[in-house]
Amino acid sequence: MIDAIASLGRSSLNALVVFGRAFLFLLQVLASLDIVIRRFGLTVVQIYSVGVRSLLIIIVSGLFVGMVLGYQGYITLVNFGAAEALGGVVALSLVRELGPVVTALLFAGRAGSALTAELGLMKTTEQLSAMEMMAVNPYRRIFAPRFVAGFLSMPLLAAIFSAVGVMGGYIVGVGMLGVDSGAYFSQMQSVTDWNEDVLSGVIKSIVFGFVVTWIAVFQGFNAMPTSEGISRATTQTVVVSSLAILGLDFILTGLMFGAG
Amino acid sequence: MAEPVAEDSPHIVIENLRFRRGRKVVFEDLSMRIPRGQVTTVMGPSGSGKTTLLRLIGGQLRPDGGRIWVDGQEVARLSTRRLYALRKRMGMLFQSGALLTDLSVFENVAFPLREHTDLPEDVLRTLVLLKLEAVGLRSARDLDPASLSGGMARRVALARAIALDPDLIMYDEPFTGLDPITMGQIVTLIRRTNQSLGLTSVLVSHDVTEAMAISDHVVLIADGRAVDAGAPDDLRARASDWSAQFLEGRPDGPVPFHYPGDGYREDLLGVRERRDD
């Protein structure tokens with residue numbers, strides 16, 4: 001019994017230590033952000049590797065999610081004779097929820113895990129240490145540009161996901177199921193509010209981008225310098241990010257639409 | 001402010017250094033002086049904290065007690081800015097080379113120059129080629145670090161470590177895992193670099209033959225202390241029991257063959273003494 005309580009205490013303390021370290025790490029990264037402006041080239045390279053290279057998976061997923069929404073939406077709406085409202089349903093689902101959430105989940109799996117593995121390997125092969133010994137601060141040279149790149153790429157990817165999803169819904173709804181093309185877009189335009197829907201989705205994707213990148217970069221920095229350590233850190237990035245995204249989505253949705 | 005440093009004063013002074021990692025005491029009371037402009041090797045058995053010592057000198061770790069001065073500056077007390085300024089005058093060669101894997105050989109050597117100077121591209125190119133020529137790898141400049149052998153990676157890392165013309169260079173186990181030819185190349189390079197650039201070289205190693213051959217000064221560490229120090233020949237001549245065991249590679253002696261623990265007999269019989277808490 002005492003052992004169980006002790007181990008519970010120990011694991012809680014360990015978790016708190018990790019939280020503390022993650023927070024201090026974040027502060028250090030934030031304090032190094034001036035490098036992003038001074039040497040924007042470093043960030044551009046990272047935007048390419050976390051953002052541009054995630055484009056394919058985001059576009060393909062967005063297309064399929066939009067097409068499924070088109071189908072499911074149509075099947076439900078047509079019972080009420082409201083098939084014309086399909087454009088609005090597809091767009092709202094995408095910009096409010098699916099765009100930010102699914103993009104963030106994919107982003108965690110594609111870019112987050114890659115970031116963690118890259119940084120973990122840099123740590124294991126002493127590249128970060130070597131950089132420190134060359135008087136190059138890895139927070140500035142390595143962590144800050146990656147952090148900003150992830151944080152900037154996520155909302156853009158979410159926007160692309162939603163846009164492609166709308167087109168996917170169009171392909172199925174208009175192209176295959178015969179919804180009127182004009183009605184699809186005019187419905188969309190009339191029910192989607194810029195502040196309420198689009199902006200709230202953008203805010204979500206910014207928050208998710210921040211959290212996923214933070215987790216990914218920190219896990220890489222904090223990884224045990226062994227192959228097992230990197231594997232564990234990469235898994236942790238995907239698991240913790242996914243849970244954080246879903247949990248935060250609930251809280252943000254509550255904040256944005258709950259009080260309404 | 002760093003005090004003016006006399007030509008003949010030691011480059012590195014370590015006094016009563018204490019350092020522990022978790023519960024393990026790495027250094028108990030370590031003191032040593034590393035003379036300027038010479039090759040000094042710190043030798044000790046595996047796990048005696050040799051690499052840790054280099055990290056403490058480089059300010060990557062902080063001591064739990066005692067002091068380390070490099071060039072008259074106390075490392076643990078420097079602000080980040082000053083520490084980084086000091087590190088620009090230190091080169092460090094990691095055992096693995098620690099080359100940046102996303103950059104070519106050329107860019108690896110150019111890395112510290114690009115980070116710390118604003119040299120025009122053609123000057124930078126000349127400098128990098130000079131450094132690469134010094135380690136014999138000028139023609140390998142376009143290779144990827146992944147395609148280099150261990151010895152080549154270490155030579156590129158050496159070129160990178162001397163890119164900023166440091167006054168001090170530290171080598172972490174430079175002889176480990178090399179074939180005889182590469183070993184010879186590295187030994188020559190360390191000696192030649194030391195002479196031609198007039199810098200202080202600090203090696204940590206447990207390869208007795210090479211280290212004794214190359215060094216002007218040797219420090220032996222064990223159990224968290226410096227147990228012996230001096231010129232290689234003196235050390236051989238007046239070695240203590242422990243030093244003799246280490247230098248001659250005897251399997252048993254003051255350093256026991258068996259990892260300390262319960263008695264063999266009790267262990268086999270399954271009798272474990274419970275220690276009083």
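Nothing in this text is a laboratory measurement; each read-out follows from the coordinates by a stated rule. Given the structure is predicted, the values throughout are model-derived calculations rather than measurements. Note that each Cβ is placed from the backbone with ideal geometry, even for glycine, and that neighbours are counted across all protein chains shown.
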> Looking only at A:130, A:22, A:159, which one moves most when chain A is put into a Gaussian network model with springs between Cα atoms under 10 Å?
Replying inline: A:130
>> Only bridges whose two residues both fall in the protein assembly as shown count here: according to DSSP, what percent of them are antiparallel, nearest 5?
In response: 50 percent
> Tell me, what is a quarter of the convex hull surface for the C-alpha atoms of the range A:1-67, in nm² with one decimal?
Replying inline: 8.5 nm²
>> Need one number: the % of Cα-Cα pairs in the protein assembly as shown sitting beyond the 39 Å mark.
In response: 43 percent
> Among A:106, A:243, which comes first, then next, by fewest other beta-carbon atoms within 10 Å?
Replying inline: A:243, A:106
> Hey, in the GNM for chain B with a 10 angstrom Cα cutoff, which one of B:231, B:163, B:222 fluctuates hardest?
Replying inline: B:231
> If each of residue A:24 and residue B:117 carries a label point 7 Å out from its Cα toward its Cβ, how far apart are those two points in nm?
Replying inline: 3.6 nm
> Based on the alpha-carbon gyration tensor of the range B:143-247 and its eigenvalue square roots a ≥ b ≥ c, which shape applies: rounded if a/c is under 1.5, prolate if not and a/b is larger than b/c, or oblate?
Replying inline: prolate
>> List the residues, sorted by chain then number, that are 5 or more residues from residue B:200 or on another chain and whose placed amide H is less than 5 Å from its amide H.
In response: B:37, B:168, B:169
> Per residue of the protein assembly as shown, what 222 nm ellipticity follows from adding -39500 (n - 2.57) for every DSSP H run with n ≥ 4, rounded to the nearest 500?
Replying inline: -17000 deg cm²/dmol
> If you look for lysine pairs in the protein assembly as shown that are eight or more places apart or on different chains, how many of them have Cα atoms under 25 Å apart?
Replying inline: 6
>> Under 5 Å between amide hydrogens, which residues at least 5 positions from residue A:223 or on another chain qualify, with H placed 1.01 Å from N in the peptide plane?
In response: none
> Can you list, largest first and rounded to whole Å, the semi-axes you get for the range B:64-121 by taking the square root of 5 times each eigenvalue of its Cα gyration tensor?
Replying inline: 28, 16, 8
>> Between helix B:105-116 and chain B, what is the angle of the helix's C-alpha long axis to the longest principal axis, kept within 0 to 90° and rounded to the nearest 10?
In response: 90 degrees
>> Can you give the FRET efficiency to the nearest 0.05 for residue A:227 and residue B:18, using r as the Cβ-Cβ distance and R₀ = 41 Å?
In response: 0.80
> What net charge is computed for the residues neighbouring residue A:105, neighbours being all others with C-beta under 14 Å from the C-beta of residue A:105, Lys and Arg scored +1, Asp and Glu -1?
Replying inline: 0
> Which of B:200, B:51, B:126 moves most in a GNM of chain B, Cα contacts under 10 Å?
Replying inline: B:126
> Measuring from centroid to centroid over Cα atoms, what is the spacing of the range B:158-187 and the range A:186-233 in Å?
Replying inline: 44 Å
>> Can you compute log10 of I(q)/I(0) for chain B with the Debye formula, treating each Cα as one identical point scatterer, at q = 0.07, 0.14 Å⁻¹?
In response: -0.30, -1.04
> Once you mark the GluC sites (Glu not before Pro) that are in a DSSP loop and have at most 13 other Cβ atoms within 10 Å, what is the longest gap between them in chain B?
Replying inline: B:8-272
>> Is there a quick way to get the dipole size of the range A:32-258? I mean about its Cα centre, with the Cβ of Lys and Arg at +1 and of Asp and Glu at -1; what is the value in debye to the nearest 20?
In response: 700 debye
> Taking Cα atoms, how many degrees apart are the long axis of helix B:180-197 and the longest axis of chain B, rounded to 10 and kept between 0 and 90?
Replying inline: 70 degrees
> Given A:73, A:115, A:167, which one lies farthest toward the positive end of the charge dipole of the range A:32-258, if we put +1 on the Cβ of every Lys and Arg and -1 on the Cβ of every Asp and Glu?
Replying inline: A:115
>> Given an 8 Å cut-off on Cα distances and at least 6 residues of separation, report the relative contact order of the range B:189-277 as a percent.
In response: 13 percent
> Considering only DSSP states other than H, G, I, E and B, which chymotrypsin sites (Phe, Trp or Tyr not before Pro) in the range A:69-123 qualify as loop sites with at most 15 other Cβ atoms within 10 Å?
Replying inline: A:80
>> Distances longer than 33 Å among the Cα atoms of the range A:32-258: what percent of all pairs is that?
In response: 26 percent
> From the square roots a ≥ b ≥ c of the eigenvalues of the alpha-carbon gyration tensor of the range B:1-138, which class results: rounded (a/c under 1.5), prolate (a/b over b/c), or oblate?
Replying inline: prolate
> Tell me, A:95, A:68 in order of fewest to most beta-carbon neighbours within 10 Å?
Replying inline: A:68, A:95
>> Once you keep just the Cα pairs under 8 angstrom separated by 6 or more residues, what percentage relative contact order results for the range A:32-258?
In response: 36 percent
>> How shielded is A:120-133 by partner chains, expressed as the average number of their Cβ atoms within 10 Å of its Cβ atoms?
In response: 6
> Counting Lys and Arg as +1 and Asp and Glu as -1, each charge on the Cβ, what is the dipole of the range B:1-144 about the Cα centre in debye, to the nearest 20?
Replying inline: 660 debye
> Using alpha carbon centroids, what distance separates the range A:146-176 and the range B:93-123, in Å?
Replying inline: 39 Å
>> To the nearest 20 Debye, how big is the dipole of the protein assembly as shown about its Cα centre, given +1 on the beta carbon of each Lys and Arg and -1 on that of each Asp and Glu?
In response: 440 debye
> Arranged by the count of other C-beta atoms within 10 angstrom, fewest first, what order do A:161, B:111 take?
Replying inline: B:111, A:161
>> Under 8 Å for C-alpha pairs, at least 6 residues apart: give me the relative contact order for the range B:90-229, rounded to a whole percent.
In response: 28 percent
>> Projecting each Cα onto the charge dipole of chain B (Lys/Arg +1, Asp/Glu -1 at the beta carbon, about the Cα centre), which of B:78, B:253, B:91 comes out farthest on the positive side?
In response: B:78
>> With both bridge residues required to lie in chain B, what share of the DSSP beta bridges run antiparallel, to the nearest 5%?
In response: 50 percent
> Relative to the first principal axis of the alpha-carbon coordinates of chain A, what is the inclination of helix A:227-253, with its axis defined by its Cα atoms, in degrees from 0 to 90 and to the nearest 10?
Replying inline: 40 degrees
